[in-house]
Amino acid sequence: MSDINSIFEIDYEQALTLTGFGWFHYRLLALCGLIYANTAIGITVMSFVLPSATCDFRMTSEDKGWLTAAPMLGMVVGSYFWGCLADTKGRRIVLIAALLLDGTVGLLSTTAQIFPIFMFLRFINGFAITGAMGICFPYLGEFQPTAYREKILCWMELFWTLGIVVLPCIAWLIIPLPLQFGTADGGIKFSSWNLFVALCSIPSLLLGLWLLYFPESPKFLIECGEPALALEILKDIYHINTGRDRHECPIGRLKESDRSNTIMETHNRSIRTFNIHDPKHMKILLPEIWEQTKALCSAEFRRNTALACMIQFGITTSYYTLMIWFPELFGRFEEYEKRYPNATVSVCDVSSIVLENVNDTLVDDFCGTEIDTKVYWHTLLLGIACIPTSLWLPLCVHRLGAKFFLIFSLLVAGLVTVGLAYVGNSTQNLILSCIFEALTSMGISTVYCVMVDLFPTNLRVMAAAFSLTFGRCGALLGNLMFGFLVDLNCLVPIVLFSIMLFGSAILCFFLPNTGTTALQ
């Protein structure tokens, strides 16, 4: 077998099958899954900072809208940047850089004493975390044989749920602590919420260091014109999965990529060897990046690119806005029901408490108010509610298809969003919020799974980055709009979010079927 394969070239999909499926893939799933869980924590960490830091930064609802929008703006800027970098320098090195940057800046943000500086550092966090989120799916998918790819990618949803469950647990343990260093009249103030932000930043650093022990994507190396190095990595995977020696690996030679590589043909060197800090090299790289971007809008990929961007915009605008604001709304429900026991009140009515009771002095009225224990419990229930859908998706995706899960989750989430405007108490609001969280998080993870099969290797991360940019623009606008309207007319954003979810569900009908095609 080995002698035959040493004579004949084997394509990448056949080579993956020959390496087997085992311990290496489980380790890689654990790594990428924890990266995805970490992105869930990184994105939603602000949901507990909003009520906790109100006193320190003297925040109004508009300020909170800007603070939640800052990481989203960073994601808008970072999505395309990291995508370009990952398609030129490699998936692994960019993942490491994004994670280390996120962890370092996250720790630095805990020392910020001025609101604009803190907001800027959270902008950098968003810039970094979007790189990890956009690349971990393609990186994981390019190591998977066709038979396992879709199911493995769908298991990532369970890790997102893990992040959503762990976050309120950490907040519940840390934020209520009577921790206060420094004074109000000067010096560095460090409260329990600062410690909470610091602890949520450490996993990024640890995951970035763990990633050093994993290889670059062999498929990406083949696209760069480095099949020999790709073969060595595949032999290592074979050794880890089977326990046999590398020389027993039944892969002799790998077929080179059929797709043209302008840089390889012109300069006879891998695109990875070019230094982005060298102006001469950048003059070579920038045209290649532009050609890849144009390819996404070519006749071959234009339809898939447009669908991916519009679906991402609709689902991300709704999900990331409401997910971040849920703890704030839970807190307002608790405050309202304490003041008006047994009152029937909607989300919009409870938001008006801000204007009715404090006469534009919200900060002074709520300064020093602790987060009600029920807020942590309700937020934890949001994560627990995602567990059934997180298991349903990978177990049934082959039977029902990714398109079914997308359409089902978005349609029902749209109906639930409409229902949020008609709830009568905090319990009804919690139930609908749990359903919304479970379905929309499943929908977002399914979109990432579908993206891996919609585009070839040389465009995969760029396409994900392009669509993520549209999605983050929606999240940015959604958080700003919600921050300005939540106290005045919260019905407007709720109606818009439901329309976006329904529109995204309709667009999903036009997606091609995925999961059965080979990794191109």
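Would you be able to say whether some residue in the stretch 57-72 is free of Cβ contacts under 8 Å to residues at least 40 places away in the same chain and either polar (S, T, N, Q) or farther than 17 Å from Thr130 by Cβ (or both)? For the stretch 57-72, residues free of Cβ contacts under 8 Å to residues at least 40 places away in the same chain and either polar (S, T, N, Q) or farther than 17 Å from Thr130 by Cβ (or both): absent. Considering only residues in the stretch 314-370 that are open to solvent by less than 50 Å² (accessible area, probe 1.4 Å) and part of a loop (DSSP other than H, G, I, E, B), the one that is modelled with the lowest pLDDT turns out to be Cys367. Can you find even one residue in the stretch 182-195 that is surrounded by 20 or more Cβ atoms within 10 Å (Cβ to Cβ), assigned to a helix (DSSP H, G or I) and within 17 Å of the chain's Cα centre (by Cα)? Looking for residues that are surrounded by 20 or more Cβ atoms within 10 Å (Cβ to Cβ), assigned to a helix (DSSP H, G or I) and within 17 Å of the chain's Cα centre (by Cα), one finds none in the stretch 182-195, hence no.
Check the stretch 95-107 and report whether any residue there is on the phi > 0 side of the Ramachandran plot and not assigned by the TED database to the domain that holds Cys396. Within the stretch 95-107, not a single residue is on the phi > 0 side of the Ramachandran plot and not assigned by the TED database to the domain that holds Cys396. Take Gly471 and decide whether it is of a type outside the set (A, V, I, L, M, F, W, C) and in a helix (DSSP H, G or I). It is true that Gly471 is of a type outside the set (A, V, I, L, M, F, W, C) and in a helix (DSSP H, G or I).
Would you mind stating whether Leu411 is open to solvent by 10 Å² or more (accessible area, probe 1.4 Å) and either at pLDDT 90 or above or not assigned by the TED database to the domain that holds Ile324 (or both)? It would help to see each step written out before you state the result.
On the way: open to solvent by 10 Å² or more (accessible area, probe 1.4 Å): yes; either at pLDDT 90 or above or not assigned by the TED database to the domain that holds Ile324 (or both): yes.
Yes.
Comparison of Trp160, Trp172 shows that the only residue that is open to solvent by 60 Å² or more (accessible area, probe 1.4 Å), in contact with a helix residue (DSSP H, G or I) (Cβ under 9 Å, 6 or more places away or on another chain) and in a helix (DSSP H, G or I) is Trp172. Just name the residue that is modelled with the highest pLDDT out of those in the stretch 475-487 that are part of a helix (DSSP H, G or I) and surrounded by fewer than 24 Cβ atoms within 10 Å (Cβ to Cβ). Here the answer is Leu477.
Cβ-Cβ contacts under 8 Å between residues 6 or more apart (or on different chains), taken from a first residue in the stretch 197-225 that is touching a residue at least 60 places away in the same chain (Cβ under 8 Å) to a second residue that is among the acidic types (Asp, Glu), are listed as Ser201/Asp102; Ser204/Asp102; Pro215/Asp236; Ser217/Glu142; Pro218/Glu142; Lys219/Glu142; Phe220/Glu142; Ile222/Glu256. Does the stretch 218-239 contain at least one residue that is at pLDDT 85 or above, open to solvent by 50 Å² or more (accessible area, probe 1.4 Å) and among the acidic types (Asp, Glu)? The answer is yes; a qualifying residue exists.
The values are calculated or read from the model by the stated rules, or taken from the named source; none is laboratory data. Treat the numbers as computed from the prediction; the structure is a model and nothing was measured. Heads up, the Cβs are rebuilt from the backbone with ideal geometry, glycines too, and the neighbour counts pull from every protein chain shown. Side chains included, ligands, DNA and RNA excluded: accessible areas come from the protein's heavy atoms. Shrake-Rupley method; radii C 1.70, N 1.55, O 1.52, S 1.80 Å.
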